[in-house]
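Report on the following structure.
What follows is calculated from the coordinates using simple rules that are stated; it is not laboratory data. Since the structure is predicted, the reported quantities are computational estimates derived from the model, not experimental observations. Cβ placement follows ideal geometry from the backbone for every residue including glycine, while neighbour counts extend to all protein chains displayed.
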There are 2 protein chains.
Amino acid sequence: MDKIITLDYGSGGKKTSELIDNLIVKKFKNEALSALGDGAILSGEEKIVFSTDSFVVSPCFFPGGNIGKLSVCGTVNDVSVSGGIPKYLSLSFIIEEGFPFSDLEKITDSIAETAKRAGVSVVTGDTKVVERGKGDGIYINTAGIGFLRHNNLSPENIKNGDAVLISGTIGDHGAGIMLSRNKNLLEGEIPSDCAPLNFLCEKLFTLGDSLRVLRDPTRGGVATTLCEFVEESELSIELFEDKLPIRDDVLSVCDILGLDPLYSANEGKILAVVAPDRAEEALEIMKSTPEGKNAAIIGHVTDARAGKVTLKGDFSSRILTKLTGAQLPRIC
Amino acid sequence: MDKIITLDYGSGGKKTSELIDNLIVKKFKNEALSALGDGAILSGEEKIVFSTDSFVVSPCFFPGGNIGKLSVCGTVNDVSVSGGIPKYLSLSFIIEEGFPFSDLEKITDSIAETAKRAGVSVVTGDTKVVERGKGDGIYINTAGIGFLRHNNLSPENIKNGDAVLISGTIGDHGAGIMLSRNKNLLEGEIPSDCAPLNFLCEKLFTLGDSLRVLRDPTRGGVATTLCEFVEESELSIELFEDKLPIRDDVLSVCDILGLDPLYSANEGKILAVVAPDRAEEALEIMKSTPEGKNAAIIGHVTDARAGKVTLKGDFSSRILTKLTGAQLPRIC
């Protein structure tokens, strides 16, 4: 029988130390982490980028990842699209009494592996336990510190004629989670795209001011993020329907559920707006990384309809708005 | 009727923006927060102190505070006892569907007020919503960044003859929470001591190397923290029972419940170990702040019993061990 989390493990006493020593410190050992009880001392002489996310994805294990991997990727990517090189993570668990230790171990293994892959260190953390029925297995928060490398990424930089790029296929994470919740929809599974994109972003930073803005289209999907880019602008974005990279199985799942892949969450994709004369170079940079091999130029910026995002098909076009309501609750 | 949180608010779409704009950005407006979507860019040229805590206290409103105030104090104090001057906070909510907006507003007001009092800025955040029965009202995570001011605080610095100080009465938070869960135990209420202690700590930093170690005795209480100070040492700590500042009502609640105030959580107290020749000065520093007016020298370091903490009464003494099991689940 699996060892389970009991309330003892959140007490701050012996059991908490045991949990932290065996599952946290052991896996994330580094100079800053071992130095202190309550906080990590970091060295830095540059501008800091700071970001946080809580993760409540259900189920907490899914094809292509789990809540642990997701919690590293999510914050690493948020720091990266803000122009930072992520370096340090905090890690905090809220665990439901009864959660199997073996699952917690798989999750922390996955956190350690993903942090290593992204080149970031987990330097401080916390663990709380709640009674049965007051959580749902496990919730994780990470906060990330990075050092600023590109200091001018903002939707305000977008100019008429700019190209819109995506680093790969659209909507995989959302569709993958929905399929793992409803396994009878389709044969097989769709792996989440969940991946750290800091190295891809770092390469894009070399484009300097030709790189206008970066964003990872998670909850709300590609459509919502693009709407945010232009909502307060005189410019608009036109997407070319036939250029959108979408997996057939993602299309099928979305079709069956009546969802639109453009609103389905991504956890390993970057949207970039780039000056037209550097667009091909940006595409090559993306394609040169494992995470960006399916990158595509999917649209451009125009001055046609202030503040709007339009999807242009062969025979018609429609205006995309920000996501309203919850398409997919607990997706991340 | 109160507006309630629905799953829409965690969707990443319009409702999420509305929630963030109305409840977060408005209350915590500052230069770093407004600059970016996903991460805050901070300026820093010093060594960084980084800490995080998740807060799951039940009930989320209690005499002397609420989960919002607690979530600021907890992280501010962790950064402070690590030798840092706290400056920036991240703030992340996990809210149960159905949670009243009015309560969320009270909590965010309290966060804003406490952050202002402590002189820290909330610069980045996140909000997730979980279905009814998958949370318990609201859980909050904060992570804090501070800049290192005292770079040599550690239990390893403790020397034979050092004095042990506490900045005020013991066990108030734990006893206050227990009483608010069992209102029939006693007439009246016990206010939590929940308070930011960064200014008190900053003043103590002027003691230099005479200040050996600081720690805020939260979960596990004073006894557990003192055990952690000496557990790997050749030294021991003797506490004088008649010097311990404990409120009568805290003693009564602990008596009725069969608890020991030395294991009851504090959320606005600092334990300090100080060189004997600076102990009176440290006491005066504590007493000069509103949070430290009941400070006391409660014990000293000896070489009597390696690694042990002893409580000395008039006629007998007993050895204190670290908290085993959960004395008070969901206390913070």
R0 of 60 Å, Cβ-Cβ distance residue A:287-residue B:321: FRET efficiency to nearest 0.05: 0.50
Two-site label geometry, residue A:242 and residue A:3: point separation in nm, points 7 Å out along Cα→Cβ: 6.0
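Mind scanning A:134/B:3; B:159/B:312; A:47/A:243; A:203/A:269; A:47/A:287 and naming the pairs with a C-alpha gap bigger than 26 Å? Could the numbers behind the result be given before it?
Working: A:134/B:3 22 Å; B:159/B:312 20 Å; A:47/A:243 38 Å; A:203/A:269 15 Å; A:47/A:287 29 Å.
In this structure, A:47/A:243; A:47/A:287 lie more than 26 Å apart at Cα.
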Which one of B:329, B:230, B:245 has its Cα pushed farthest toward the positive end of the charge dipole of chain B, where Lys and Arg give +1 and Asp and Glu give -1 at the Cβ? B:329
Distance from the Cα centre of segment A:209-254 to that of segment B:66-134, in angstrom? 32
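Under unit Cβ charges (Lys, Arg +1; Asp, Glu -1), what dipole magnitude, rounded to 20 debye, does segment B:155-320 have relative to its Cα centre? Could you put the intermediate results ahead of the total?
Numbers: 17 positive and 28 negative charges, 36 e Å.
Value, rounded to 20: 180 debye.
Among B:62, B:315, B:55, which comes first, second and so on when ranked by fewest other beta-carbon atoms within 10 Å? Write down the numbers at each step before the final one.
On the way: B:62 23, B:315 5, B:55 26.
Ascending number of Cβ neighbours within 10 Å: B:315, B:62, B:55.
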Whole-Å distance linking the alpha carbon centroid of segment A:266-328 with that of segment B:287-307 is 61
In segment A:37-148, with Lys and Arg counted as +1 and Asp and Glu as -1 at Cβ, which of these residues, A:64, A:139, A:122, has the Cα nearest the positive end of the dipole, that is, farthest along it? A:64
Rounded to the nearest 10 degrees, what's the angle between the helix A:172-181 long axis and the longest principal axis of chain A, both from Cα atoms, 0 to 90? 50
Zone residues, segment B:159-188, relative to residue B:312, backbone N less than 18 Å from point 7 Å out along Cα-to-Cβ: B:159-166
Suppose every K and R has +1 on its Cβ and every D and E has -1 on its Cβ; what is the size of the dipole of chain B about the Cα centre, in Debye to the nearest 20? 420
Provide the convex hull volume over Cα atoms per residue for segment A:37-148, in Å³. 100
If you take the square roots of the eigenvalues of the alpha-carbon gyration tensor of segment B:155-320 and sort them as a ≥ b ≥ c, do you get rounded (a/c under 1.5), prolate (a/b over b/c) or oblate? oblate
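I want the antiparallel fraction of DSSP beta bridges within segment B:155-320, as a percent rounded to 5. Before the final figure, lay out each step's value.
On the way: 20 of 24 bridges.
Antiparallel bridges make up about 85 percent of those DSSP assigns within segment B:155-320.
Residue B:181: net charge of surrounding residues, Cβ under 12 Å, Lys/Arg +1, Asp/Glu -1, itself excluded?
Values: positive: B:183, B:330; negative: B:189.
Computed value for this residue: +1.
Note the full-extension length gain between residue A:151 and residue A:232 as 0.36 nm times their separation in residues minus their Cα-Cα distance, in nm to one decimal. Each step should come with its number before you reach the end.
Working: separation 81, 0.36 × 81 = 29.16 nm, distance 2.09 nm.
My answer for the length gained is 27.1 nm.
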Applying the Karplus parametrisation 6.51 cos²θ - 1.76 cosθ + 1.60 with θ = phi - 60° to the phi angles of segment B:256-261, what ³J(HN,Hα) value in whole Hz is obtained for each residue in order, glycine and proline being reported as x? 4, 8, x, 9, 10, x
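Rule-of-thumb check for segment B:251-293: C-alpha Rg over 2.2 N^0.38 Å?
Relative to the 2.2 N^0.38 Å estimate, segment B:251-293 comes out at 1.54.
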GNM, chain B, Cα, under 10 Å: largest mean-square fluctuation among B:184, B:266, B:141? B:184
In peptide A:132-144, what is the residue-averaged number of other protein chain Cβ atoms found within 10 Å of each Cβ? 6
Residue by residue, what Karplus-based ³J(HN,Hα) values in Hz, rounded to whole numbers, does segment A:281-296 have, using 6.51, -1.76 and 1.60 with θ = phi - 60° and x for Gly and Pro? 4, 4, 4, 5, 4, 4, 5, 7, 10, x, 6, x, 5, 9, 4, 8
Mind giving me the nanometre distance, one decimal, between the label points for residue B:101 and residue A:116, set 7 Å out from Cα along Cα→Cβ? 4.8
In sequence order, calculated HN-Hα J values of segment B:309-316 (Karplus, 6.51, -1.76, 1.60; Hz; x Gly/Pro): 10, 10, 9, 9, x, 5, 10, 8
Could you pull out every residue, at least 5 positions away or on a different chain, whose amide H is within less than 5 Å of the one on residue B:137? Hs are placed 1.01 Å off N in the peptide plane, and Pro or chain starts have none. B:96
Report Rg (one decimal) and Dmax (nearest whole number) for chain A, counting Cα atoms only, units Å. 20.6, 67
Summing Lys, Arg as +1 and Asp, Glu as -1, what charge do residues with Cβ under 14 Å from the Cβ of residue B:163 carry, residue B:163 excluded? -2
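Return A:145, B:94, B:270 ranked ascending by Cβ neighbour count within 10 Å, so the fewest neighbours appear first.
Working: A:145 31, B:94 27, B:270 24.
Fewest-to-most Cβ neighbours within 10 Å comes out as B:270, B:94, A:145.
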Out of the DSSP beta bridges found with both residues in chain A, what percent are antiparallel (nearest 5)? 75
Measure of compaction for the protein assembly as shown (Cα Rg per 2.2 N^0.38 Å): 0.99
Would you mind telling me which residue in B:136, B:242, B:172 has the biggest mean-square fluctuation in a Gaussian network model of chain B, where springs connect alpha carbons within a distance under 10 angstrom? B:242
For residue B:299, list long-range residues whose amide hydrogen, built 1.01 Å from N in the peptide plane, is under 5 Å from its own amide hydrogen. B:164, B:240
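About the Cα centre, and with charges only on the beta carbon of Lys, Arg (+1) and Asp, Glu (-1), how big is the dipole of the protein assembly as shown? Nearest 20 debye, please. Each step should come with its number before you reach the end.
On the way: 70 positive and 94 negative charges, 26 e Å.
Charge dipole of the protein assembly as shown: 120 debye, to the nearest 20.
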